Amino acid sequence: MNQVTIIDYGAGNLASVMFALKRMGIEPVLTSDPEVLIKAEKVIFPGVGHALAAMDALKAKGLDVVIPKLTCPVLGICLGMQLMCTHSQEGNVAGLGIFNEIVYQFEPNQKVPHMGWNTIFKLSDPLFAKIQEHSSVYFVHSYYVPVSKYTSAASYYGKAFSAALQKDNFYAVQFHPEKSGVIGEQILKNFISL
Amino acid sequence: MLCKRIIPCLDVMNGRTVKGVKFLDLKDAGDPVELAARYAIEGADELVFLDITATHEKRKTLAELASKVAQAINIPFTVGGGISSVDDALTLLYAGADKVSINSAAVRRPALINELAARFGCQCVVLAVDARQTEKGWEVYLNGGRIPTGIDLFEWVGEAVDRGAGEILFTSMDHDGTKGGFANEALAEMSQRFHVPLIASGGAGTKEHFVDVFKIGKADAALAAGIFHFGELSIPELKQYIYNQKIPVRIL
């Protein structure tokens, strides 16, 4: 089993991600040290909170420079995924630029945050092995990434949006696999066995 | 399509689940973590833990509980009961809770909502509100329904949403414990006026009540305690029934 490293930069769901891995029998490494990160075998980039504050926290530790350079499989979760894009409307902040996409705010003509269990479809990468089309996973977010060439799973809330993105060694999910029951556990397992 | 959520609520006192009717005749109902894990396996979409411990030990026991629940279960959960500062919320969220619910403390000091939203994001902040219908409209009550405030429910919810509450948990005291159905009229008005998710609470007695609260009350989620704890209604049976009525719910 590969060592899994979680980027520790004060994200709100860090404990949840760690506990989810421990339930699977994995003892993750938590680090905010770029030197440790660059040598990692699998990296999880969690995130709950505000994009601007999170980017500041990454920059303060030099993580904004090291994350895009990682060559091992990386999984961004929720805000982690949004920060991997070029720009976010939340706080009008520049992201890490791994995915050349803009993160938009949901229009207020529907309830925001998009909160709860929603279905994912057009599943198209190894992260979704053994996951059926239209499985339900748990989302909570007010900003979204449109469907693009990177989209490896879509969901629908007023419009279709990216539930997951993928490019080279970078994987990202808008939903919370650590809070998505057995489906979420399978997705985490799939990432770990990449 | 976004699913409607079914949320069992666990009242916790001194770290143990208690069962009672309207906070009276409380009986020990065992370990909240075990009960939570069972509900998660049965298909609950989320859980709410409400600490009704009266002592200052509450903060510590609630944080310990949040950590144990987060370690054991793989669905989101909210904790509430006596949270009145950013520090209180921080302890619980870093212990592993996904959201915190605030009630009386927010009425007494509304800026608490702004502070929590700024620090943790709106999605972490659930405004719980207890209200009763009077001749003048719906009135907000504090301290588990013991203290009337003279504050109008809809005005307060509007202010709370403007201040950054990301979700509303509305309990109708008139319906709570009656098993006669939810306060659908007030819920529908609230759901239409405020564009944040709405959790309906108070009045669940039958499967039909849940269908009504989604169809008529326009709620995004429905919370219940007694009917689940006492085994009157099983979650898989309830969700299958709702699904059969063509309402989107998560079926395991």
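Quick notes
- Choice from B:229, B:195, B:175 with maximal GNM fluctuation in chain B (Cα, 10 Å cutoff): B:195
- Protection proxy ranking, highest mean first, for peptides A:4-12, A:116-124: A:4-12, A:116-124, where packing is the per-residue count of other beta-carbon atoms within 10 Å, averaged.
- Residue of B:232, B:135, B:42 that the Gaussian network model of chain B assigns the largest fluctuation, springs spanning Cα pairs under 10 Å: B:135
- Taking every DSSP beta bridge that has both ends in the range B:5-244, the antiparallel portion is near 30%.
- Close amide H partners of residue B:225, meaning residues 5 or more places away or on another chain with modelled amide H under 5 Å apart, are B:9.
- Rounded Å value of the spacing that divides the Cα centres of the range A:115-149 and the range A:38-89: 20
- Kyte-Doolittle mean at least -0.5 and Cα axial length at least 20 Å: DSSP H helices in chain B: B:58-72
- Taking amide H as placed 1.01 Å from N in the peptide plane, residue B:49 has its amide H under 5 Å from the amide H of B:10, B:78, B:79, B:80, each at least 5 places away in sequence or on another chain.
- Mean silhouette area of the range B:181-252, derived from the convex hull of its C-alpha atoms and averaged over all directions, reads 4.6 nm².
- Quotient of Cα Rg and 2.2 N^0.38 Å for the range A:1-105, N being how many residues it contains: 1.01
- Put simply, when B:46-53, A:56-63, A:24-31 are sorted by average Cβ atoms within 10 angstrom per residue, most first, you get B:46-53, A:56-63, A:24-31.
- Panel order for A:64, A:33, by other beta carbons found within 10 Å of each beta carbon, from fewest to most: A:33, A:64.
- Two-decimal Rg to Rh for the range A:4-192 - Kirkwood Rh, Cα set: 0.93
- Over the C-alpha trace of the range B:5-244, radius of gyration and Dmax come out as 16.4, 47 angstrom.
- Mean separation of Cα contacts under 8 Å (6+ apart) over length of chain B, as relative contact order %: 18
- Note on A:106-117: average number of Cβ atoms from other chains within 10 Å of each residue's Cβ is 6.
- Mean residue ellipticity (222 nm) of the protein assembly as shown, computed from DSSP H runs ≥ 4 via -39,500 (n - 2.57), nearest 500: -9000 deg cm²/dmol
- Footprinting exposure proxy for B:176, B:45 (fewest neighbouring C-beta atoms within 10 Å first): B:176, B:45
- Note on B:119-127: average number of Cβ atoms from other chains within 10 Å of each residue's Cβ is 5.
- Kirkwood Rh, Cα atoms: Rg over Rh of the range B:1-142: 0.97
- Residue-normalised convex hull volume from the C-alpha trace of the protein assembly as shown: 128 Å³ per residue.
- Ranking of B:246, A:179, A:159 by count of other Cβ atoms within 10 Å, fewest first: B:246, A:159, A:179
- All lysines inside 17 Å of residue B:4 as judged from Cα atoms, apart from same-chain residues fewer than 8 positions distant: A:111, A:179, B:207, B:215, B:218, B:239, B:246
- Shielding by partners, peptide A:132-143 (average Cβ within 10 angstrom, other chains): 3
- Distant-in-sequence amide contacts of residue A:4, defined by a placed amide H-H separation under 5 Å and a gap of 5 or more residues or a different chain, comprise A:29.
- Protection proxy ranking of B:147-156, B:216-225 - average other beta-carbon atoms within 10 Å, highest first: B:216-225, B:147-156
All of the numbers you see were taken from the coordinates with simple rules; none came from a lab. The structure presented is a predicted model; accordingly, all values stated were derived computationally and were not measured. When we count neighbours, we look across all protein chains shown, and the Cβ atoms used for this are built from the backbone with ideal geometry, even at glycine.
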